[in-house]
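Here the structure comes first, spelled out in structure tokens, and everything after it is commentary.
The values are calculated or read from the model by the stated rules, or taken from the named source; none is laboratory data. All values derive from a computational prediction rather than experimental measurement. Cβ atoms come from the backbone with ideal geometry, glycine included; neighbour counts cover every protein chain shown.
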Amino acid sequence: MLLNVSYNDKKITKKIDEAVGKPMSIKERFAIGGIGSPKLHITEASLDIYNLLVLDNSTNTCNVEIRPNGVIVRFRSRLETFGLIIPYYKLNIYKGNIGIYSIYMDHYFIKIRSDTKAIQKFFRKLLDYRADNLPTNLEDL
């Protein structure tokens, strides 16, 4: 789901926590070596996201936060911050062309330029964490 996460709204926070879990504790963050990605440059996006990104002239960047049951892809448009909340069972990551990662959920997608070792290392960590925490049966969904 695509949400405006600029403001501290309890209803939106509750929706996010139900979908992808509460933020990890400091101990958990150190155990997996950090939960945030480096700055990611967006090369392409689905129509809904593109319509938000095209509103301003700044460079289109985003970051990914790992949560216990999913990820949050955050990006800015004008003075607002938007989050694409993706549970692990809906998350699809593809490595297409050289140096491009694609993050898909339902009809949303974001393609990201992967031109540094730090970005490639983060996506490897994300895929490993997802594999360890993906629900194994349908009752968990």
Hits in region 72-104 - residues which are over 19 Å from K14 (Cβ atoms), surrounded by 18 or more Cβ atoms within 10 Å (Cβ to Cβ) and under 10 Å from the mean Cα position of the chain (by Cα): V73, F75, L91, I103
Among residues belonging to region 38-71 that are in a loop (DSSP other than H, G, I, E, B) and without any contact (Cβ under 8 Å) to a residue 40 or more places away in the chain, point out the one that is surrounded by the fewest Cβ atoms within 10 Å (Cβ to Cβ). N57
Hits in region 1-36 (condition: within 26 Å of H107 (Cβ to Cβ) and in a loop (DSSP other than H, G, I, E, B)): M1, V5, S6, Y7, D9, G21
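Would it be correct to say that L79 is in contact with a strand residue (DSSP E or B) (Cβ under 9 Å, 6 or more places away or on another chain), at pLDDT below 95 and over 18 Å from Y129 (Cβ atoms)?
No.
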Filtering region 86-127 down to residues that are farther than 18 Å from Y50 by Cβ and part of a strand (DSSP E or B), which residue is modelled with the lowest pLDDT? K95
Some residue of region 105-125 being touching a residue at least 24 places away in the same chain (Cβ under 8 Å), under 20 Å from P23 (Cβ atoms) and not β-branched (V, I, T): yes
